[in-house]
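The values are calculated or read from the model by the stated rules, or taken from the named source; none is laboratory data. As the structure is a prediction and not an experimental result, all values here were calculated from the model. Backbone-built Cβ (ideal geometry, glycine too); neighbour counts: all protein chains shown. Side chains are part of the model used for accessible areas, which takes the heavy atoms of the whole protein and leaves out ligands, DNA and RNA. Shrake-Rupley method; radii C 1.70, N 1.55, O 1.52, S 1.80 Å.
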Amino acid sequence: MNDYRLKSDVLVIGSGIAGSVAALTLAEAGADVILLTAGEDLFSGNTSLAQGGVVFHSQDDDPGTLEKDIMTAGWGQNYLRAVRYLTHKGPKVLQKTLIDAYHVPFAQRDAAEWYFTREGGHSVARILFAKDHTGLTIMQQLSQAVKDNPNIRVLTRRTAIDLLTTHHHATHLDFKYNLSNQCVGSYVFNEALNQVEIILADFTVLATGGAGRIYLNSTNANDAIGSGLSMANRAGVKLHNLEYVQFHPTAFYQGARRFERRFLISEAVRGEGARLVNSKGEPFMGRYDQRGDLAPRDIVTRAIMAEMLHTGEDCMFLDTTQGMHDEVAERFPTIFNKCLEHGIDMRTTPIPVVPSAHFFCGGILVDTRGRTTLERLYAAGECTCTGVHGANRLASTSLLEGLLWGYSTGQDIAKRLGGKWRLTKKLSDAIPDWQNPGDIQNEDPALIAQDWATIRNTMWNYVGIIRSTARLRRAFEDLRTLSKNMHDFYRQTPISKPIIGLFHGCQTAYVVTLAAMRNTKSQGCHYRVD
């Protein structure tokens, strides 16, 4: 086999909580796993940025209560079977993996009692956390476990270009005429060597995370551009609920900025007693919802936008000066130090905040085993639509969802390995080498930057927090034109990471806009004024 052709039992694309747990579950079952990450290590995705925590269960809690909270936050658009799968099995898997196997040091009141916090939409305190860097702490433990497992090959600085499927890529007619399309791996760009690799696998797992960076203002990591959605869409995989984009109400406001990630101010800050106020120090959430500052995120986000529109101010403020004075630096050290860097002492000064794109509630349609509508392809984490979130995600359910579906995906694939699922030599040989789409050296950073500016401004202004038929139609027309030009450009230009990212991001923006146009009902994160 050529050095640019690799083979494994399972290819996992993405290294956050979902991808890492899927890889570990498979490796512990004896599978040979290749784990791809776009960065230099496993910390480049959204999981490491998660501050608030992960849903568990407290003494005052039960699966039925959690189910009710999830369904209420999701406006009843949740898939009940998936919700019950999460509420009943999720805490058990968390105990088995993050606590017992990987020893994540969640906060405790004493040696025998967890310290639970509460966030918006939760009726009880049930969230485990590690100060305000829960995701980073989880990834530190998972990364070490991955490193220690000899069955996992981590390939860094790799960007998936396209899924390999029998209908789209196999050159032998036996596979073209088979009614069942199957995923057999991926074309992958090796950034260090500047070449495309072919990675063949009996099963492939997409765990590529979210798509917040297709918006002008976002809390997401740089590579969260919907690459998994883009690749799945081109392969004919069913996507669902793409219009439900959750905007976090409290991102740190630093004035006008150009495409930089906005720093998240965790909802747990409000869970511990902080209040949203205007520039006069007046609380306002009580006017919008009886749950006040702990209303679900979609409601809080729209309330902040309404207040900004009413007052003409550029931001609202999160007041942590009342009742949190001495504890705030210890409880939220990351946020505290970030604010200090910008001259704001949370103990004495309210934090300026604005909403930003944060989480995709929809994505690649999967069942409770992580199976997609394409044979041999699984998906887990934020790139998926499990049905848990419905029209709006309940706070701190995303880490549990990624953990549970990563674990379930690994378990289901492990049961199917070998036998009829082993890739045959005939099929492997039928996958052609990568053909560079063109040799015209016309990659211009200025043009790529301008295309990204068009995508992000279009999505923020027309497919953002508040939508209308006219705005969505304008976005559709602009993105359709850009997408056509992008395809022409893509066919002429040698492959590179910036071009791959731009192509993925443009396609993701386009399919999200289409989904928003088709859904004429205003609900949850998909808020239409008409």
Notebook entry, point to check: When you scan segment 208-218, how many residues do you find that are open to solvent by 10 Å² or more (accessible area, probe 1.4 Å) and modelled with pLDDT of 95 or more?
Noted result: 3
Next item on the list: Please specify each residue of segment 258-298 satisfying the condition of being outside any loop (DSSP other than H, G, I, E, B) and not aliphatic (A, V, I, L, M).
Entry: Arg270, Gly271, Arg275, Pro283, Gly286, Arg287, Gly292, Asp293, Arg297, Asp298
Margin query: Condition first: open to solvent by less than 20 Å² (accessible area, probe 1.4 Å), among the polar types (S, T, N, Q) and either modelled with pLDDT under 95 or within 17 Å of Tyr253 (Cβ to Cβ) (or both). Can you find one or more residues in segment 303-311 that meet it?
Written below: no
Next item on the list: Evaluate the following for Arg153: is it without any contact (Cβ under 8 Å) to a residue 60 or more places away in the chain, among the charged types (D, E, K, R), in a strand (DSSP E or B) and open to solvent by 20 Å² or more (accessible area, probe 1.4 Å)?
Entry: no
Check: Of the residues in segment 177-195, how many are open to solvent by less than 60 Å² (accessible area, probe 1.4 Å) and either aromatic (Phe, Trp, Tyr) or outside any loop (DSSP other than H, G, I, E, B) (or both)?
Finding: 9
Margin query: Just to be sure I understand, how many residues within segment 312-344 are in a loop (DSSP other than H, G, I, E, B) and open to solvent by less than 40 Å² (accessible area, probe 1.4 Å)?
Written below: 6
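Every residue, every condition in (1) hydroxyl-bearing (Ser, Thr, Tyr); (2) touching a Gly at 6+ places or on another chain (Cβ under 6 Å), yes or no:
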{"residue": "Glu282", "(1), (2)": "no, no"}
{"residue": "Arg287", "(1), (2)": "no, no"}
{"residue": "Gly292", "(1), (2)": "no, yes"}
{"residue": "Val300", "(1), (2)": "no, no"}
{"residue": "Gly312", "(1), (2)": "no, no"}
{"residue": "Cys315", "(1), (2)": "no, no"}
{"residue": "Arg331", "(1), (2)": "no, no"}
{"residue": "Asp345", "(1), (2)": "no, no"}
{"residue": "Thr348", "(1), (2)": "yes, no"}
Item checked: Residue check for Asn241: more than 18 Å from the chain's Cα centre (by Cα), polar (S, T, N, Q), open to solvent by less than 30 Å² (accessible area, probe 1.4 Å) and at pLDDT 95 or above -> no
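Results for (1) touching a Gly at 6+ places or on another chain (Cβ under 9 Å); (2) closer than 30 Å to Leu200 by Cα; (3) surrounded by fewer than 16 Cβ atoms within 10 Å (Cβ to Cβ), shown as yes or no for each residue.
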position: Met71; (1), (2), (3): yes, no, no
position: Ala82; (1), (2), (3): yes, no, no
position: His88; (1), (2), (3): no, no, yes
position: Pro105; (1), (2), (3): no, no, yes
position: Arg109; (1), (2), (3): no, no, yes
position: Gln140; (1), (2), (3): no, yes, no
position: Arg158; (1), (2), (3): no, yes, no
position: Thr171; (1), (2), (3): no, yes, yes
Next item on the list: Filter segment 34-63 down to residues that are hydroxyl-bearing (Ser, Thr, Tyr) and closer than 28 Å to Leu294 by Cβ and give me whichever is farthest from the chain's Cα centre (by Cα).
Entry: Ser58
Margin query: All but one of (1) within 25 Å of Arg297 (Cα to Cα); (2) crowded, with 18+ Cβ neighbours inside 10 Å; (3) of a type in the set (Val, Ile, Thr); (4) touching a strand residue (DSSP E or B) at 6+ places or on another chain (Cβ under 8 Å) hold for Val529; state the number of the condition that does not hold.
Written below: (2)
Next item on the list: Would you please name the residue that is surrounded by the most Cβ atoms within 10 Å (Cβ to Cβ), looking only at residues in segment 402-450 that are among the acidic types (Asp, Glu) and part of a helix (DSSP H, G or I)?
Entry: Asp412
Notebook entry, point to check: Are there any pairs with C-beta distances below 7 angstrom linking a residue in segment 502-530 that is without any contact (Cβ under 8 Å) to a residue 40 or more places away in the chain to a residue that is buried (at least 18 other Cβ atoms within 10 Å of the Cβ) and of a type in the set (A, V, I, L, M), with the two at least 6 apart or on different chains, and if so which?
Noted result: Tyr510/Leu479
Notebook entry, point to check: Give me the pairs: first residue in segment 86-105 and assigned to a helix (DSSP H, G or I), second residue at pLDDT below 95, beta-carbon distance under 8 Å, and six or more apart or on different chains, which are they?
Noted result: Pro91/His57
Notebook entry, point to check: Which one of these is modelled with pLDDT under 95, of a type in the set (Lys, Arg) and open to solvent by 20 Å² or more (accessible area, probe 1.4 Å): Arg347, Arg297, Arg369?
Noted result: Arg347
Checklist line | Condition met for Gly255 (open to solvent by 10 Å² or more (accessible area, probe 1.4 Å), part of a loop (DSSP other than H, G, I, E, B) and at pLDDT 95 or above) | finding: no
Note to self: Given the criteria closer than 29 Å to Ala27 by Cβ, crowded, with 24+ Cβ neighbours inside 10 Å and polar (S, T, N, Q), does Thr166 qualify?
What the structure shows: no
Checklist line | Qualifying residue in segment 341-359 (condition: under 15 Å from the mean Cα position of the chain (by Cα) and of a type outside the set (Gly, Ala, Ser)) | finding: yes
